[in-house]
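Novice: Pasting a structure below so you can have a look.
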Amino acid sequence: MPKAVVCRELGPPERLRLESFASAPLAPGQVRVAVHAAGINFPDILMAAGEYQLKPELPFTPGVEATGEVTEIADGVSGTAVGDRVIVRMRYGAYADEAVVAPAQLTRLPANFDYAEGATFLAAHGTAHHALVDRGAVAPGEVLLVHGAGGGVGLAAVEIGKLLGATVIAAASTEEKLAVAKARGADHLVLTTREPFRDAVKRITDGRGADVVFDPVGGEIFENSLRCIGWGARILVVGFTGGIGLARTNLVLIKGASVIGVRAGEAARRNPAAGQARTMALLQWAEAGKIRPHISHRLPLENVAPSMRLLIDRKAIGRVALMMR
């Protein structure tokens, strides 16, 4: 019988359980996918703890992205064939041996990606693309400061920022994370345990400051970012893994700055055509070899709690994938 990670009570990852379930017959218009890999994302951890904006009814299976092979197609489905290698996009439910979804939730797996890479691609790179292109409108020659540059979404922002022609300053907490950011195109590296990033940004830019800040961390980083930006800067609020940041509105005013929220998934749900265009752009870059997830850990499904801990404890570089096959 197939297995799935199940959240029956909200709390830390250690409360999640691996359970067997019976495969349900397909309804008209549905597709069954044998899942090979799923990506670990911070929203999965927050959702299991009851701290995310989306709160599924208990019990539920976490996971917003997976990859696998189409094994069954119901009546009324076109454009998808048994044997297709696909990325599966979900609001939750990806940490399982199989997924039953609508064809609209499927995207072709880039031919040059393995299953783990496909399962760790669209959430992070889609968020970074939406942030830098749709919300931040990053222009060639601008200075982009990327916080959490050793994480999955941070590394994606480094890659996409370089493709957009920005000068990228990568900030991270270890030399190992910065080495990966450099390999992905970062122009300047800031080791935050050695030098306050706001001092480093002023030094690197000769006092002018950053034009765009990509912030998936929040907390004190958000306020300190306001102190190293240039005139008309855009601060992209992507997440709050380090806590909720508080804005000094006088600093926003003085710099003529904009603080911009980023919700890539919700934006795609409200504007499916824009979401599809974003996905197509990412697929083209991926198949041209211009972007690729960096996966530091690939662990079996039963190791879901240690896998999540890698993100919580900041021990992952890039992405973590759960492997089912």
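Novice: Check whether at least one residue in region 22-42 is modelled with pLDDT under 95, within 22 Å of residue 241 (Cα to Cα) and surrounded by fewer than 22 Cβ atoms within 10 Å (Cβ to Cβ), and report yes or no.
Specialist: Yes: region 22-42 contains one or more residues that are modelled with pLDDT under 95, within 22 Å of residue 241 (Cα to Cα) and surrounded by fewer than 22 Cβ atoms within 10 Å (Cβ to Cβ).
Novice: Of these, 10, 26, 54, which one is aliphatic (A, V, I, L, M), in a loop (DSSP other than H, G, I, E, B) and touching a residue at least 60 places away in the same chain (Cβ under 8 Å)?
Specialist: Values: 10 fails: touching a residue at least 60 places away in the same chain (Cβ under 8 Å); 54 fails: touching a residue at least 60 places away in the same chain (Cβ under 8 Å).
When all the criteria are applied, what remains is 26.
Novice: Can you tell me which residues in region 166-203 are more than 21 Å from the chain's Cα centre (by Cα) and small (Gly, Ala, Ser)?
Specialist: Of everything in region 166-203, just one residue is more than 21 Å from the chain's Cα centre (by Cα) and small (Gly, Ala, Ser), namely 200.
Novice: Find the residue count for region 276-291, including only residues that are free of Cβ contacts under 8 Å to residues at least 60 places away in the same chain and among the acidic types (Asp, Glu).
Specialist: The initial filter retains those residues of region 276-291 that are free of Cβ contacts under 8 Å to residues at least 60 places away in the same chain, namely 276-277, 280, 284, 288.
Checking the rest, the ones that are also among the acidic types (Asp, Glu) come to none.
Looking only at that region, the number is 0.
Novice: Going by what's in this entry, would residue 230 be described as at pLDDT 95 or above, farther than 20 Å from residue 92 by Cα and either not in a loop (DSSP other than H, G, I, E, B) or not hydroxyl-bearing (Ser, Thr, Tyr) (or both)? Give the derivation first.
Specialist: On the way: at pLDDT 95 or above: yes; farther than 20 Å from residue 92 by Cα: yes; either not in a loop (DSSP other than H, G, I, E, B) or not hydroxyl-bearing (Ser, Thr, Tyr) (or both): yes.
Yes, satisfied.
Novice: Right, here's the next one. Can you pull out every residue in region 253-269 that is among the charged types (D, E, K, R) and under 21 Å from residue 63 (Cα atoms)?
Specialist: In the first step, residues of region 253-269 are kept if they are among the charged types (D, E, K, R); the result is 255, 263, 266, 269.
Hits for region 253-269 are 263, 266, 269.
Novice: If a residue has to be at pLDDT below 95 and aliphatic (A, V, I, L, M) to count, how many in region 46-69 make the cut?
Specialist: So the count comes out to 2.
Novice: Would you mention how many residues in region 292-317 are within 18 Å of residue 67 (Cα to Cα) and in contact (Cβ under 8 Å) with a residue 40 or more places away in the chain?
Specialist: 9
Novice: Continuing with this model, one more query. Test each condition in (1) modelled with pLDDT of 95 or more; (2) out of contact with any Pro (no Cβ under 6 Å at 6 or more places or on another chain) for residue 117 and report the one that comes out false.
Specialist: Status for residue 117: all satisfied but (2).
Novice: Where residues in region 50-73 are more than 21 Å from residue 23 (Cβ to Cβ) and out of contact with any Leu (no Cβ under 8 Å at 6 or more places or on another chain), which of them is surrounded by the most Cβ atoms within 10 Å (Cβ to Cβ)?
Specialist: 64
Novice: If you don't mind, there's one more thing I want to ask. Run down 239, 256, 261 and say which single residue is in contact with a Pro (Cβ under 8 Å, 6 or more places away or on another chain) and small (Gly, Ala, Ser). Spell out the reasoning first.
Specialist: Working: 256 fails: in contact with a Pro (Cβ under 8 Å, 6 or more places away or on another chain); 261 fails: in contact with a Pro (Cβ under 8 Å, 6 or more places away or on another chain).
None of the other options fit; the residue is 239.
Novice: Another question, then. Just one of 257, 281, 268 is surrounded by 13 or more Cβ atoms within 10 Å (Cβ to Cβ), at pLDDT below 95 and over 21 Å from residue 49 (Cβ atoms); which is it?
Specialist: Numbers: 257 fails: at pLDDT below 95; 281 fails: at pLDDT below 95.
268 is the lone residue from the list that is surrounded by 13 or more Cβ atoms within 10 Å (Cβ to Cβ), at pLDDT below 95 and over 21 Å from residue 49 (Cβ atoms).
Novice: Restricting attention to region 60-71, does a residue exist that is more than 15 Å from the chain's Cα centre (by Cα), free of Cβ contacts under 8 Å to residues at least 24 places away in the same chain and not assigned by TED's automatic domain parsing to the domain that holds residue 153?
Specialist: No: zero hits.
The values are calculated or read from the model by the stated rules, or taken from the named source; none is laboratory data. The structure presented is a predicted model; accordingly, all values stated were derived computationally and were not measured. Note that each Cβ is placed from the backbone with ideal geometry, even for glycine, and that neighbours are counted across all protein chains shown.
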